[in-house]
Structure formats: C-alpha cells, structure tokens
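Participant: Shown below is the structure under consideration.
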Protein chains: 2
Amino acid sequence: MRRSKKERQQLLSSTIQENPFITDEELAEKFQVSVQTIRLDRLELSIPELRERIKTVAEKRFDDEVRSLPLEEVIGEIIDMELDQSAISIFDVKEEHVFKRNQIARGHHLFAQANSLAVAVINDELALTAKANIQFKRSVRLNERVIAKARVMNIDDVTGRTLVQVSSFVNNELVFTGDFQMYRSKNN
Amino acid sequence: MRRSKKERQQLLSSTIQENPFITDEELAEKFQVSVQTIRLDRLELSIPELRERIKTVAEKRFDDEVRSLPLEEVIGEIIDMELDQSAISIFDVKEEHVFKRNQIARGHHLFAQANSLAVAVINDELALTAKANIQFKRSVRLNERVIAKARVMNIDDVTGRTLVQVSSFVNNELVFTGDFQMYRSKNN
DNA sequence: GAAAACTTATGACTAGGTACTAAGAGTAGT
DNA sequence: ACTACTCTTAGTACCTAGTCATAAGTTTTC
C-alpha cells in the first residue's frame, strides 16, 4: 500500500472538490491504484460520477443566474396601505441579501424596500424618486425581519411633489430612515 | 413536414439556449421528428451534444467564481479602480430593471450601483454605508448604459468615516448623484 | 419524371461510468 | 500455522447519450 486507505480517501475527496472535472482514470493514475479502487472509494464516500458532478456544477450556475435578479419586483411584502397616506411592508433578510464576509445586509436592499414602498404609497400611475436622504442607523443581519413604515408628509398642490418619510425597524429598533421626495406624472 | 426545416432549426437553437439540459430524445419528441433529424440539425447548427453543453456551462461557472470573487457583490461591472481614490462602473439597464409601465429604471438600481461602488472603492474589509444623500437628476430608460464614477472625498483620520461622491451618467448626461458617508471597520 | 433536399433507420463504436461476482494479497488474532 | 478479515484488482454485462457512416425512404422542386 502506497498510502493508507483513509489517507487516500481524504485526498480523493479534496482533489475532487477542488477539480470536479477529473475522471476516475486520471485519479487512478494520480494515486497509483486501479480504477476499480477509485470507484470503490467514491462509492464509500458517496461521491457521484464525473458527469453528475459536472451537472450539479452547471445547475448551480443556472440557479445563481435566476437568483441574481433579486431587485426585480416590489421589494418586501406590502401588508398595509392607505394610498397617499401610509403603507407598511415587511422584508426578510436572506442569504442573497447579505455580504458573505460578515452576514450584514447590503444597504441597497434596505434602500430598495423603502424606496419601492415610497413609490407604491403614492396614488399615481407613474411615481418616481427625485431625491432621497437616508440614514442607516444600525446594520441589519441575516434572517432579521425588517418592517418599513412609510408616511406621506405633504403634497405640493402645484407641482405634485410629495415627501414620503420611511422608517424601518427590526424588533421595534430603528435601523433605517429615509426622506424621499417623489415626482408624480399628474397632480391628482 | 410539420414545420419547415429552417423554422425548426431556429426553434431548436433557442430551445437549447434556454435549457441546455435537454436531450436529443426530448427534442425529437418536442418537434415530432426522429432523433436522427435532431442530430443532423445540431450538426448543421454546430450545437454540441448535451454533455459538452453541460460541461461548458459548468466551466463558465468555475471561471466566474475565480474572476468575480471580490467584485461579485457589486451591481454593475467595475472597469476602473484606485482604492481609496476613485472607481468607475458600468451598468446596462435591462428589462428586469425597469417599471413595465413606462420603461423607466427603478431608482433602487441606480442607488445599488452607486452604493456598491462606494463600498468597493473603500480599501477595507468591512465598509458599510452610514448615510446617503441622493438625487435622481433625470430618469434612466431601458437599454441605456449608466456609468457611475465614485470619488473618495475625505477620510476622517480619527473615526475612519469616509465621504464618497458618486455621479452617474448616461451619454455624459448626469442622471444621478449621491454623497455616501461610509463606515470602516478599521482605520487604515 | 428525375434530381435535389430532407428525413429516418441501422449498425458499429465511444466515454465514463454502475452493479455484481470473483479472486488474490496483506495483516491480525488466536 | 491457520483462519478471518480487510483491501485491492480484474472482469463481465449493462447504461446513457451520444458519434460517424451508410443506406433507404419521402418530399419538394425544376
């Protein structure tokens, strides 16, 4: 025996993890054992065959592509709404919303929740954000539930410009505030 | 012939592009022709076999993983970067970024591009946004290319707080500006 | 009606396996 | 020393999703 079985299997695992595109034959050559031994090892370690490995890598990529359009619809779920007055939405912070390094939610998701709530609360076909003044009060972490509350502060009778104040909370603790100055297409 | 050859081949192309995981047999079933016809079609269109297709998808993913580890969490593509000084990114506005009604880009995407550029330009493991003051100068439409330029304005020696100014342009026309006050974990 | 284009069938071969059986080598216990 | 056990190797039949080449049948076009 060139190496103990255990040692070989550990190396095998890491080798395949590092490069899933390697065939049993290449592995046999690398570890100086027969192809059958490699296959027994894979069986014991329940490592799938080359083609299956490649397939899952490819499928993951496909999933990622779908997942990486996270800013698509209205961010968060609107649970209460009085047009031109107030609105509330909830947003659950998941894996895809946080920095991998520190599990803190990326700012633009909190902004997106608040901004799209500000857009939604306005009783108009075509509301757009003109300006915003925002503050991140404390960082939001993975799995926290953010509740955003929007209040329409005043509507300029002439221009239709509207100020919307949004405050976001996690467990009643303020995490984000934003003042949004919104355009309207028509003055309702 | 259920469909002309040309028509079938065009559909074949797009079908495979959309779902590279489909076998010749499934395609034959779908187009109501024999497997051999599908194979001739693939030959003429030089579309590789299932396994090769899956492999290239998987390989791309591997490439992506290596290339985009640090910049992966950035919205838009960074094309220039001097840490703690300046950075530029481009962001192409696609279908998924606009309001369906009027084809205008949703504000939070412009914010996300600017904000993540502000995060990236800071030479620190853990940069977070504290405050931001933003203005949407004119609305950005479908298929426009937004170029965001970030400049680090000043770094507080004591707190490490950093002001980053971001201006975004479409064809040299200013569409967005933002002042981002950023935290750092350590004072470099 | 023949030529050209298209479609289908058939057979031999491939990579990279699975599943199973069988046999030999090395080591440990008694 | 003999047996029991683990580990390794070999070989066979079978699988999928193809390739390549040849041939034959079917339409379409001139």
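Participant: Residue-wise, which Karplus ³J(HN,Hα) couplings in Hz belong to region A:95-106, taking 6.51 cos²θ - 1.76 cosθ + 1.60, θ = phi - 60°, and x for glycine or proline?
Facilitator: 2, 6, 9, 10, 5, 5, 5, 10, 6, 9, 4, 6
Participant: If you don't mind, there's one more thing I want to ask. When the Kirkwood radius is taken over all Cα pairs of region A:77-183, what Stokes-Einstein diffusion coefficient follows at 25 °C and 0.890 mPa s, in µm²/s?
Facilitator: 177
Participant: Moving on to the next point. Just to confirm a number: summing +1 for Lys and Arg and -1 for Asp and Glu over residues other than B:LEU163 whose beta-carbon lies under 14 angstrom from that of B:LEU163, what do you get?
Facilitator: 0
Participant: Amide H of B:LYS131: which non-local residues (sequence gap of 5 or more, or other chain) have their own amide H closer than 5 Å, using H built in the peptide plane?
Facilitator: Long-range HN contacts for B:LYS131: A:PHE136, B:GLN181.
Participant: Could you pull the Cα extents of the protein assembly as shown along its three principal axes, largest to smallest, in whole Å?
Facilitator: 79, 63, 41
Participant: Taking the Cα centre of each part, how many Å lie between region B:152-169 and region A:124-155?
Facilitator: 23
Participant: What ³J(HN,Hα) values, in whole Hz, does the Karplus curve 6.51 cos²θ - 1.76 cosθ + 1.60 give for region B:139-146 when θ = phi - 60°, with x put for Gly and Pro?
Facilitator: 6, 9, 10, 3, 6, 7, 9, 9
Participant: Along Cα-to-Cβ, 7 Å out, sits the label point; list in nm, shortest first, how far the one on B:ASP156 is from those in the other copies.
Facilitator: Result, one decimal in nm: 3.2.
Participant: B:LEU174 to B:LEU11: extension gain in nm, 0.36 nm per residue of separation minus the Cα-Cα distance?
Facilitator: Contour length minus the Cα-Cα distance gives 54.5 nm.
Participant: Here is a follow-up. For chain A, what log10 I(q)/I(0) values come out of the Debye formula at q = 0.08, 0.09, 0.10, 0.17 1/Å, with one point per alpha carbon and no solvent?
Facilitator: Each listed q maps to, in turn, -0.47, -0.54, -0.59, -1.00.
Each reported figure results from applying straightforward, stated rules to the coordinates on display, with no laboratory input. Given the structure is predicted, the values throughout are model-derived calculations rather than measurements. All Cβ positions, even for glycine, are placed from backbone atoms using ideal geometry, and neighbour counts span all protein chains on display.
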